[in-house]
Structure formats: structure tokens, C-alpha cells
Amino acid sequence: MMLALVSAAQTAGDSKKENTPAAQTISDGSKEAAAPVNQLSQDESDRLEGEKRFHSNCSRCHAAPPKFPPRTMGTIVRHMRVRAMLTDQDMKLILRYMTK
Amino acid sequence: MSQSSWRERAAQACLFALLILSSAVLRAQDDELKPVPVLTGSTAYFTRVNAGQVQDAPSVSPLLLLPVGDHLLIEAKGSLSDTFTKSALGDYNGVVGYGMTYAQADYITKYVTITGGRFITPFGIYGERIAPNWIRSLQGTPLIVPVTSGASLGGMLRGGIPAGTEKVEFNYAAYYSANNTNHIVATDRSTGGRIGFFLPGPRLEIGASFQQVLQLDRPHSAGMHFVWQPNAVPLAVRSEYVRQSGIKGSGYWIESTYRLSQIPHLSKVELAGRGQQFFAAPNLSAATIKKLGALGIDAREGDGGLNYYFRSDVRASASYGRLLATGRNANLWTIGMTYRFVMPVWPTGGGF
């Protein structure tokens, strides 16, 4: 499930890549260098968005928990999806942030 | 069919169902990134002094989470406590309490989660989100919590979805519950639900709840809730209001917590305060007031306390409250600790 979630989050983010500052900067350079930098930028962007959603959703009720092993975190986030009525996108971004 | 034969067939059916469930769980573990079954929950030890009455109460509330496949989650939470009350002679008498908080199966899709079983009634925010003792900022339960039915047995639809824009999220829950008279898992026949709007930018949530009891005198309840966490300061403000049409009155509580994270030596300290009022229903008979207990009289209460986080999962708490109610004025002291545990019950394949 994690792979599917990560894949879905990456796919959802693809459409935004062209507009990121990093993508605009590297558009003047070689195409070979663009892909990894783009990916790095997207990962960082998703991580920051996940962190933001983690703080805005989770801290509404409780103190920030530590990061657990990914398979454990997958279960906890699924539980919180139901309990806190997280949106599908919030769950994916928070799960990604908590497992990176 | 003889009775022994019937029992054998029932045992075989149970075994078969268990095998099917185990098979599904095992299949879910094939991929190393699949979620694993987890045992979590909390333990606590609190000493309370309520109007001079001393109580010591150790407790444990385990929660088993069993993910199956990509969409299903089975979750069950129980509670066990032993409350020792100090008698006039100075000795302590213990009373064991236990219960099943919820035992539900959730089928999760993008926009809706279908829940079946025993679940916490989706009314307001306290019961579903704040009640666990490792979460609540003040250990005393708000006066208005018993106004509505806290647990349900039946089915529920719920979920959270973007409300047409990234700036607003909409969450909803609608349920139906059957009547159950078993003393451990008692529920009322009722229906109702809750809606809420969450604004991630200002971190503000407002919502409303409704419950219609479908038995006895068939009262209905309506409520509102509010949560705000300003981005600029480590403050949280939460509030709930409820009004019942029957004999259980109305009331509200408002609570705020402030984490002293900007002060280096006090960053693990959280201050909490709560004010609340309860208004008993008018024109209650003496017999009804006696039957209702605390819900039969007007009351006001103010509480203040602090929590110290040794780690994110280990917390010490202390609080003082003053209850003002007709014939029942009281000082309420609480001191104790909570520990929230999380342990996978299946190999996790490593990680952090």
C-alpha cells in the first residue's frame, strides 16, 4: 500500500513540477541534470507539505508523536485517517512525511 | 441435528473464518511496505482528591489495529482500571472497572469510510478525539459529556474531503445505532451525525452535531464545536456546546492549552485551563434530579493544570479545579502520569 501511496503522491505532484523554481532554474541547463534535481525538488516540496499538514491536523488533538518504522506508521496513519477524518491527500502527504 | 454436532460445526466455522482472516492478513504482509498489525494504547496512574475523597486509579487502555489489504482496518479498544478509594478508617478499597470502548471494522475509500460494529458516537469532538488520557490536557471529564449517548452499535459513514478548494476541508459522519442492554457494551437506539469545516491555513475548525434517540422519551441533542490553533503561538483553543431536548439540560466548555516551547528550560511544559457551565433542565422532579445525579443540578467549574512531557509518549500531569454546584461545592485535585505505547505485533522489516 505504501508503494501505491508514494506512487500516487508522486503522480499527483508531476503536474506541478514545471512551475517549481528549481525546475525553472535548471531549464537553462542540461536535460540530464534536470530529472534528479526536479525529483529532489518534488521530494522536498512534498516533505514540506507533509510536515505542514502533519502539524495542522495532528496537533489539533495531541502532541507530535515520534516517527515509527514505515510499516507501523502505515497502520497508525490509516487509523488516524478514520479517527481524525483526514482527507485522502492529507493522509498520503502525512504518511510520506512520517516515513522519510 | 444433535447439540454436540451443532457445536462442532460452529467451532469448525469459527476456525475456518479465523483461517480466512489470517490468510488475508498474511497476504497483506507480503510487501515490505504494507502496514502491520499494531498494539497501541496507554497506561496511566492518577491520584485524585475529589471533595476530600482520595482515590488512586491505575488503568490501561489497549488498542489493537489490524490492517487487512489496502482498504480495511479492524480496530478494537478496551479499558481496565482499578480505583482504590480511601475509607474513613484509612484503608483502601478497590473497584475494578472494565469495558469495550469500541470494536469496529472500517472500509476506507477516497471519499467515504464505511464503519460497522461498536464505535464512539460521532458527536462533538471530546469523545472521539480528546478522551484518551494521554491526549486530554486536563484529566477531568467535562460536565456535558454524559448528556449524549457516547457509544453506538451499528453502522456509520464518515470521511474528510476537500471542499472544492485547498483552503477548506469538509468532514462528516452519519450513523445509526441499535439498542443494546449488555452492561459492558450498552448502547441506545439512536441516529445522528456531525459535520465540520477545517481551514488548514488559520488552523481553525468549526462544526455541528445532532443526535436523535429513538427509544424511551426520544430526546434529541444538538451541539457545536470549535478548535483553533493560531500559527504564531503554541496555543490551542477548543470548545463544545450541547443542548438536549429532554431531561439532561445543556452546557458548554472552553479549554485552552499553551506549550512553553519558546522558553528554553520550560519547553516541555504545557499549561492548560478550562471553564465550563452546565444548566440542568427546568422543572425537574425531585425523583428525576436524584436519578440524574450531576446532570440534575446547575454547575460551574474552573480547572487549571500543567503537563510535563518527559518524551512525546511519557507525560506527568497535575491540575486543580473548583466545582461550584448547589450543595456540591468541591476542590478537585489530580496528579499522575500517562504513558502511550506503540508496538508492532508483526515484523516491521526495520526502518527508523
Query raised in the report: Over the range B:200-320, what is the relative contact order in whole percent, taking alpha-carbon pairs under 8 Å and six or more residues apart?
Result: 16
Query raised in the report: For B:Lys290, A:Lys52, what ranking results if the residue with the fewest other Cβ atoms within 10 Å of its Cβ goes first?
Result: B:Lys290, A:Lys52
Query raised in the report: How much space per residue, in cubic angstrom, does the convex hull of the C-alpha atoms of the range B:216-303 take up?
Result: 109
Query raised in the report: In the range B:97-234, how does Rg compare with the Kirkwood Rh, expressed as the Rg/Rh ratio over alpha carbon atoms?
Result: 0.98
Query raised in the report: For the residues B:His220, B:His265, what sequence is obtained by ranking on other C-beta atoms within 10 Å, fewest first?
Result: B:His265, B:His220
Query raised in the report: Hey, what did chain B get for relative contact order, percent, Cα under 8 Å, at least 6 apart?
Result: 14
**Report entry** Which of B:Val36, B:Ala287, B:Gln55, positive extreme of dipole for chain B (C-beta unit charges)
**Finding:** B:Ala287
Report task. Find the relative contact order for the range B:130-243 and round it to a whole percent, using C-alpha pairs within less than 8 Å whose residues are 6+ positions apart. Result -> 16
Query raised in the report: What list do you get for B:Leu72, B:Leu65, A:Leu95 if you sort them by fewest beta carbons within 10 Å?
Result: B:Leu72, B:Leu65, A:Leu95
Requested in this report: Determine the equivalent ellipsoid of the range B:106-148 by diagonalising the alpha-carbon gyration tensor, then write out the semi-axes as square roots of 5 times the eigenvalues, largest first, rounded to whole Å.
Outcome: 25, 13, 9
Query raised in the report: Percent of alpha carbon pairs in chain B separated by more than 27 Å?
Result: 57
Report summary line: With Cα springs under 10 Å, the Gaussian network model of chain B assigns the largest mean-square fluctuation among B:Ile74, B:Ile206, B:Ile184 to B:Ile184
Query - Relative intensity, log₁₀ I(q)/I(0), of the range B:56-177 from a Debye sum that treats every alpha carbon as a point, q = 0.13, 0.20, 0.21 Å⁻¹ - result: -0.67, -1.27, -1.33
Query raised in the report: Which three extents, in whole angstrom, do the alpha-carbon atoms of the range B:247-352 cover along their principal axes, largest first?
Result: 63, 39, 20
Report summary line: Which of B:Thr191, B:Thr257, B:Thr181 fluctuates most in a GNM of chain B (C-alpha springs under 10 Å)? That residue is B:Thr181
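No value in this document is a laboratory result; all are computed from the given coordinates. These numbers were taken from a predicted model, which means no experiment stands behind them. Backbone-built Cβ (ideal geometry, glycine too); neighbour counts: all protein chains shown.
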